[in-house]
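Visitor: Dropping a structure here in structure tokens format, bear with me for questions.
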Amino acid sequence: RVARRAGAVKRDNSIGSAKVAARQRIAAQLAPDAWVLEAFAGEGLLYDAVWRPFLGATIDRDETKVQRAAKRRPRWAVYRCDAAKALRHGFMRHVPFQVLDLDAYGSPWPFFMAWCESERRRAPATHVICTDGYMARASVGSPDRALFPEAAGKRDGFLSQDNLTYLARVHEKVRQWAGLFGGR
């Protein structure tokens with residue numbers, strides 16, 4: 001499926017093999033009864049290739065994707081809603097997820113921040129996987145609000161593809177947000 005946003009063409013799973021390989025490395029470490037929270041149902045590639053054997057839950061705003069996911073994931077909870085709002089307000093708060101998979105089109109950081117800020121039962125260890133497509137458009141878009149709240153309203157090359165500044169801020173914010181619940 002192709003979705004158009006701000007003149008750019010986004011494709012689900014445009015780097016599918018790399019996404020699958022990263023998740024397979026984590027899946028190999030999980031117990032058979034592990035729970036996976038896939039914050040975006042998408043087209044189902046990651047579920048089919050990696051997460052199918054596990055229990056889980058998924059969210060998506062797109063009705064078609066939600067319907068498809070509900071049919072393909074009979075053992076999973078499937079909901080149509082805004083992922084950031086759902087995560088912030090404790091979506092599935094009773095489940096200690098061992099995996100949080102944030103395969104966002106753009107920035108995964110508002111969703112990770114929302115998950116960290118929420119009150120929920122936490123697993124002793126949760127693998128967090130973030131697909132971050134933000135830097136591909138950073139030179140023309142607005143700064144990521146979760147990572148750079150001080151840059152609200154700035155545009156046009158705020159970071160100018162400065163990967164070091166971006167990665168340093170990601171590390172800083174991940175530590176800060178995980179610290180909200182005693183994580184690291």
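The values are calculated or read from the model by the stated rules, or taken from the named source; none is laboratory data. Every value quoted in this text rests on a predicted model; they were computed, and no experiment measured them. Glycine also receives a Cβ, built like all others from the backbone with ideal geometry; neighbour counts cover every protein chain displayed. What goes into the accessible areas is simple: the full protein's heavy atoms, side chains included, and nothing from ligands, DNA or RNA. Shrake-Rupley method; radii C 1.70, N 1.55, O 1.52, S 1.80 Å.
Visitor: Looking for something surrounded by fewer than 19 Cβ atoms within 10 Å (Cβ to Cβ) and hydroxyl-bearing (Ser, Thr, Tyr) - is there at least one such residue anywhere in the range 106-129?
Guide: yes
Visitor: With Ala114, Ala70 as the choices, which residue is among the small types (Gly, Ala, Ser) and within 17 Å of the chain's Cα centre (by Cα)?
Guide: Details: Ala70 fails: within 17 Å of the chain's Cα centre (by Cα).
Among Ala114, Ala70, only Ala114 is among the small types (Gly, Ala, Ser) and within 17 Å of the chain's Cα centre (by Cα).
Visitor: Could you pull out every one of the strands (runs of 3 or more DSSP E) wholly within the range 14-105 that has 1 or more residues that are among the aromatic types (Phe, Trp, Tyr) and touching a Pro at 6+ places or on another chain (Cβ under 9 Å)?
Guide: Those strands (runs of 3 or more DSSP E) span 35-38.
Visitor: Ok, one more. Which of (1) touching a Leu at 6+ places or on another chain (Cβ under 6 Å); (2) free of Cβ contacts under 8 Å to residues at least 40 places away in the same chain does Phe97 not meet, given it meets every other one?
Guide: The single condition Phe97 does not satisfy is (2).
Visitor: For residues that are out of contact with any Lys or Arg (no Cβ under 9 Å at 6 or more places or on another chain), open to solvent by 30 Å² or more (accessible area, probe 1.4 Å), free of Cβ contacts under 8 Å to residues at least 40 places away in the same chain and farther than 16 Å from Ile129 by Cβ, tally how many sit in the range 22-69.
Guide: Selection size over the range 22-69: 4.
Visitor: Counting just the residues of the range 1-38 that are of a type in the set (Val, Ile, Thr) and at pLDDT 90 or above, which one comes out nearest to Ala123 (Cα to Cα)? Reasoning before the result, please.
Guide: So the first thing to find is which residues in the range 1-38 are of a type in the set (Val, Ile, Thr), and the list is 2, 9, 15, 20, 26, 36.
Those left that are additionally at pLDDT 90 or above: 20, 26, 36.
Details: Val20: 23, Ile26: 15, Val36: 11 Å.
The extreme case among them is Val36.
Visitor: Can you confirm whether the range 86-103 contains a residue that is among the aromatic types (Phe, Trp, Tyr), within 16 Å of the chain's Cα centre (by Cα), open to solvent by less than 10 Å² (accessible area, probe 1.4 Å) and at pLDDT 95 or above?
Guide: Within the range 86-103, one or more residues are among the aromatic types (Phe, Trp, Tyr), within 16 Å of the chain's Cα centre (by Cα), open to solvent by less than 10 Å² (accessible area, probe 1.4 Å) and at pLDDT 95 or above.
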